[in-house]
Structures are given as structure tokens and as C-alpha cells.
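Below: one structure, written as C-alpha cells.
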């Protein structure tokens, strides 16, 4: 399983990019994979090929009308482990003995 955080945004469309980012979130949401949006990107969990297929769909969609695209990807691969999007947070909260702002 891979836990992957990525951000993708056009560099040639000005300051407000939610129009373009929201199209990627629609693709991610429709993929059925577990994900979590954060202010600086999106975390997706799944098998390597399925996660990168979603990233490719996002890129293909954005490249339809964007001439320059910035893509940042960070991945954590761990055999057999599922539910890490929530599990990693719960583990830290357990050690602290309290809930954190999510």
C-alpha cells in the first residue's frame, strides 16, 4: 500500500487556482480511494498503480488547458498496511492522550 501526498497546480493561470484544483478533487473523489484534502495538497491511499493512475488522470485533465503545471509528490510505501490516513493520526493522539485539531 502507498500513502501518497501530492499537490498539482497550474503556474500560468494567476493567483486563484481553485477552479483547476477542484477538477482534480472531483477525479480523486470519483476514484473511490480513501483520501484527505488539506490546505497544501491531498493525501490518497491505495495500491501503487491505482494511486498513480489517479494522479495521471488529474495531470491529463489539468494539461488540457494549462501550459505549465507544478507537481509535488511524497509517498510512503508499506506492505500490507491499510487505513493509514486515519491510523497515523490516531497513533499520535494516543501517545499524547488527547485529540488534535484535524
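The values are calculated or read from the model by the stated rules, or taken from the named source; none is laboratory data. Since we're looking at a predicted model, the values are computed, not measured. Quick reminder, even Gly has a Cβ in these numbers, built from the backbone with ideal geometry, and neighbours come from all protein chains shown.
See the values below:
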{"quantity": "Subset of the stretch 35-50 that is assigned to a helix (DSSP H, G or I) and out of contact with any helix residue (DSSP H, G or I) (no Cβ under 9 Å at 6 or more places or on another chain) - its residue that is nearest to residue 101 (Cα to Cα)", "calculated": "48"}
{"quantity": "Residue check for residue 23: at pLDDT 95 or above, touching a helix residue (DSSP H, G or I) at 6+ places or on another chain (Cβ under 8 Å) and farther than 21 Å from residue 1 by Cα", "calculated": "yes"}
{"quantity": "Sole exception among (1) out of contact with any helix residue (DSSP H, G or I) (no Cβ under 8 Å at 6 or more places or on another chain); (2) touching a residue at least 24 places away in the same chain (Cβ under 8 Å); (3) more than 30 Å from residue 100 (Cα to Cα); (4) surrounded by 12 or more Cβ atoms within 10 Å (Cβ to Cβ) for residue 63, by number", "calculated": "(2)"}
{"quantity": "Qualifying residues in the stretch 11-28 (those that are in contact (Cβ under 8 Å) with a residue 12 or more places away in the chain and either under 16 Å from the mean Cα position of the chain (by Cα) or assigned to a helix (DSSP H, G or I) (or both)) - the one surrounded by the fewest Cβ atoms within 10 Å (Cβ to Cβ)", "calculated": "25"}
{"quantity": "Yes/no for residue 83 being in contact (Cβ under 8 Å) with a residue 12 or more places away in the chain, loosely packed, with under 13 Cβ neighbours inside 10 Å and at positive phi", "calculated": "yes"}
{"quantity": "Test: residue 88 is in a loop (DSSP other than H, G, I, E, B) and loosely packed, with under 15 Cβ neighbours inside 10 Å", "calculated": "no"}
{"quantity": "Filter result (closer than 30 Å to residue 18 by Cα and either assigned to a loop (DSSP other than H, G, I, E, B) or out of contact with any strand residue (DSSP E or B) (no Cβ under 8 Å at 6 or more places or on another chain) (or both)) within the stretch 58-81", "calculated": "60, 61, 64, 65, 66, 67, 68"}
